[in-house]
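The values are calculated or read from the model by the stated rules, or taken from the named source; none is laboratory data. From a predicted model like this one, the values you see are computed outputs, not experimental measurements. Methodologically, a virtual Cβ is constructed for each residue, glycine included, from the backbone with ideal geometry; neighbour enumeration extends over all protein chains shown. Each accessible area value is taken on the protein alone, full model and side chains, heavy atoms only, with ligands, DNA and RNA left out. Shrake-Rupley method; radii C 1.70, N 1.55, O 1.52, S 1.80 Å.
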Amino acid sequence: MDDKELILGQYQAYSLAKEKYIDRHFQTNRFYMVLSFVLLFVCYLFIALTPAYVPILVTGAFGMVVSVLWWLNIDSYQFWIKIKYSKVLEYLETKLPERPYNKEFEEFKEAKRQKKAMVFADFQKGLTALLFVAFLLTFSYFLIQFLSAPKGI
């Protein structure tokens, strides 16, 4: 086995590992998205069905925590994909006669520059921020209601 075949084997292994990592990232995002929407629905049910503030406040606070964790998770996955996999694949491609990953990345950058492509991570972060704001507003509104409610003796 010569060096080119060895490098090609490493490149294939890393490409497959990167794809599995991206799949795991999508599964994690699906989990956070479903959990966030379930929490929003539960918040709505508490608002519609009960006069109690505490369940709404707890659900809102938990929703904010989930949104922050989701945001941090997105950042973490992006960091590791860029550093651990992309840099290694770019390096391995310098040893190969063709550079498909680099070509794909250049085409994507050009499409993004021309506003023909949207980065999915930007959409995810936007949704995460929107959900955080929804939970924050719900939490804040009902906290003010709770604190200003007359207290019984």
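Among the residues of the range 95-104, how many are within 15 Å of Q10 (Cα to Cα) and surrounded by 10 or more Cβ atoms within 10 Å (Cβ to Cβ)? Qualifying residue count for the region: 5.
Is it the case that W71 is farther than 30 Å from F146 by Cβ, open to solvent by 80 Å² or more (accessible area, probe 1.4 Å) and not acidic (D, E)? Against the criterion (farther than 30 Å from F146 by Cβ, open to solvent by 80 Å² or more (accessible area, probe 1.4 Å) and not acidic (D, E)), W71 does not qualify. If the condition is being closer than 15 Å to K18 by Cβ and not small (G, A, S), then the range 86-98 contributes K87, V88, L89, E90, Y91, L92, E93.
Within the range 1-32, restricting attention to residues that are open to solvent by 70 Å² or more (accessible area, probe 1.4 Å) and within 20 Å of the chain's Cα centre (by Cα), the residue that is farthest from L89 (Cα to Cα) is F31. The residues listed here are A129, A134; of these, the one that is surrounded by fewer than 16 Cβ atoms within 10 Å (Cβ to Cβ) and touching a residue at least 40 places away in the same chain (Cβ under 8 Å) is A129.
The C-beta contact set for the range 20-42 (first residue touching a residue at least 24 places away in the same chain (Cβ under 8 Å) and at negative phi, second residue of a type in the set (S, T, Y) and surrounded by 14 or more Cβ atoms within 10 Å (Cβ to Cβ), distance under 7 angstrom, 6+ apart or interchain) comprises Y21/Y85; H25/Y77; S36/S67; L39/T59. In the range 47-61, the residues that are assigned to a loop (DSSP other than H, G, I, E, B) form Cβ pairs under 7 Å with partners that are open to solvent by 40 Å² or more (accessible area, probe 1.4 Å), at six or more places apart or across chains, as follows: Y53/Q145; Y53/F146.
Look at (1) under 19 Å from K18 (Cβ atoms); (2) aromatic (F, W, Y); (3) surrounded by 15 or more Cβ atoms within 10 Å (Cβ to Cβ) and you find that F79 fails only one, number (3).
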